[in-house]
Amino acid sequence: MSSNSSDSLKSKAVKGILWGSISNGAQQLLAVFFGIYLGRILTPHDYGLVSLIIVFATVCSSIQEAGFINALANRKEVDHRDYNAVFWMSLMISITLYILLFAISPLIGRFYNQPELVPAARVLFIGLIFGSLGISHSAYLFKTLKVKERSLATALGTLCSGVVGISLVYLGYAYWGIVFQTITYSFTFSLICFLYSDFRPTLQINFAPIKELWGFSSKILLTRVVEILNNNILTLILGKNSTTSTGNYTQANGWSIKAQGVIANMSHGFAQPMLSTIADDEDRQKRIFTKLLNFICFAAFPTLALLNCVAEEFILITVKEKWLPAVPILKILCINAAFLPIINFYSNFLLSKGKSDLYMRYIISFGVIQLIIIYFLHGDDVLPMVWGISLFTMFWTFIWQLSVVAYSKIKYAELSLIITKYLITALLAGALTYFIGNFVESNWVSLIVKTLVFGITYISILYVAKSEVLLEIIHYLKNKYVSKHTDN
């Protein structure tokens, strides 16, 4: 491969990480702000109520997308005909799904014994149609590695939807604020993707490309639906008995997902299409893969370990005492969330190799075993189920790792070493943080002290161990500082 091609790919990787970091940082900050505001006003019942129908909407959203974005990303040559076929197919699916969901909304309300679910569901599901209008445009930005533009769409969608949500809640519309927040995000994201994409739909419809994409995308579709059900199975189970318990779980899960989402989404926006472009150059793919895995572990483990350490202070300061029952759930979910960015990265590697069938088998196997765990641990207390799922997720990460070894030149021990060194460092920093935190009573002071102790300890250990990622970051910051002062 030529030097120019190598530099171009490296440039795209740097831009991908940069814009992924900026976008996810901005998005998560906005999500934290809106989450705090909504959490202070809404009750656990309100959260639990809406979270139930959002699960249905999320499943249907995956059905209308049908894995086409990943299928287009893996295709060597893509033209207008492909994007146009996906656009019209997605729109047709979304309209069909909305009609179906509109009809069965009373059944959902009756099953959960929550009549107010019916009108809320019928309105929220409108977001499916808005979302379908942006699938082809989002696929275009994803395929062409326009990470900046896709990142802006995500950030602006979060901002606009958050403003709508808190405005309605402030005016007294309770859970309707979350309903319209969800719809607004779908509309805004699709609109921004449309504006940045060069693709424009036409009435010259030819569904032949759908048949060509279906072999790959159908496996992604089935996998995504199972994956969503895996991630929300506790919400569906808890919702049958108590929307308040569902709300507490949703609040805790939301914060853990926000924390790990910064890292997972940072690489997700470009990892699969980038790894696909160098799938035939295994040596080069190995170098890029291990470097990205180092970065993901470097960021994921300390982020979730710190959140575990400050969970109680964070909840009390942000969403107040009414959400205290969510604290023990959040602490356990941090274990689960710490490994999700790694699993997400491993799955992107499999997709870059075109192994959607293996990807599907992994997800379905996880779902089946998770159901068995829930069956044996199910009871009035949600904590045993959360513990079981979290520990299993940690174990399953190393099962995913087998697929990476099978389709690359990377050794299993090499990957395990990368994960273990950052995990142990985060655990050591967390242990010291917990010990020192016991001597501080004020929530604000405790939050600040724990954060400083954890950060200093984690960075110090890695610096002494000569962590490659840390040294590269320090080198980069030094160069930026020297360059800035040289220019001045």
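The values are calculated or read from the model by the stated rules, or taken from the named source; none is laboratory data. Predicted model, so just to flag it, every value in this text is computed and none were measured. No Cβ is skipped: glycine too gets one built from the backbone with ideal geometry, and neighbour counts run over all protein chains shown.
Quick look at the values:
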| quantity | calculated |
| --- | --- |
| Residue 84 vs. criteria outside the structural domain of residue 357 (by TED's automatic domain parsing), more than 30 Å from residue 244 (Cβ to Cβ) and more than 25 Å from the chain's Cα centre (by Cα) | yes |
| Selection count, region 350-362, where residues are under 24 Å from residue 256 (Cβ atoms) and buried (at least 24 other Cβ atoms within 10 Å of the Cβ) | 1 |
| Candidate set: region 167-203, residues that are modelled with pLDDT under 85 and not in a helix (DSSP H, G or I); chosen: the one nearest to residue 128 (Cα to Cα) | 175 |
| Subset of region 419-462 [of a type in the set (Val, Ile, Thr) and assigned to a loop (DSSP other than H, G, I, E, B)] | 440 |
| Residue that is farthest from residue 309 (Cα to Cα) [pool: residues in region 390-449 that are basic (Lys, Arg) and surrounded by fewer than 13 Cβ atoms within 10 Å (Cβ to Cβ)] | 409 |
| Members of region 196-237 that are touching a helix residue (DSSP H, G or I) at 6+ places or on another chain (Cβ under 6 Å) and of a type in the set (Lys, Arg) | 219, 224 |
| Residues within region 46-62 that are over 13 Å from residue 183 (Cβ atoms) and more than 17 Å from the chain's Cα centre (by Cα), tallied | 7 |
| Filter result for the condition that a residue is at pLDDT 75 or above, of a type in the set (A, V, I, L, M) and within 18 Å of residue 404 (Cα to Cα), over 292, 238 | 292 |
| Test: residue in region 40-57 that is of a type in the set (S, T, N, Q) and within 27 Å of residue 159 (Cα to Cα) | yes |
| Residue under evaluation residue 135, criteria (1) in contact with a Lys or Arg (Cβ under 9 Å, 6 or more places away or on another chain); (2) under 10 Å from residue 193 (Cβ atoms); (3) among the hydrophobic types (A, V, I, L, M, F, W, C), criterion not met | (1) |
| Residue 16 being outside the structural domain of residue 215 (by TED's automatic domain parsing), touching a Gly at 6+ places or on another chain (Cβ under 9 Å), at pLDDT below 75 and within 30 Å of residue 352 (Cβ to Cβ) | yes |
| Those residues of region 381-424 which are in contact with a Leu (Cβ under 7 Å, 6 or more places away or on another chain) and of a type in the set (Gly, Ala, Ser), in sequence order | 388, 390, 403 |
| Test: residue in region 293-305 that is farther than 30 Å from residue 408 by Cα and assigned to a helix (DSSP H, G or I) | yes |
| Residue in region 377-385 that is under 24 Å from the mean Cα position of the chain (by Cα), over 26 Å from residue 316 (Cα atoms) and in a helix (DSSP H, G or I) present | no |
| Considering residues of region 306-328 that are of a type in the set (Val, Ile, Thr) and part of a helix (DSSP H, G or I) only, the residue surrounded by the most Cβ atoms within 10 Å (Cβ to Cβ) | 315 |
| Failed item in (1) at pLDDT below 80; (2) in the same structural domain as residue 362 (by TED's automatic domain parsing), with residue 249 passing the rest | (1) |
| Leading residue by the ranking (nearest to residue 68 (Cα to Cα)) among those in region 314-373 that are of a type in the set (S, T, N, Q) and touching a residue at least 60 places away in the same chain (Cβ under 8 Å) | 356 |
| Qualifying residue in region 157-174 (condition: out of contact with any Gly (no Cβ under 7 Å at 6 or more places or on another chain), in the same structural domain as residue 93 (by TED's automatic domain parsing) and over 22 Å from residue 46 (Cα atoms)) | yes |
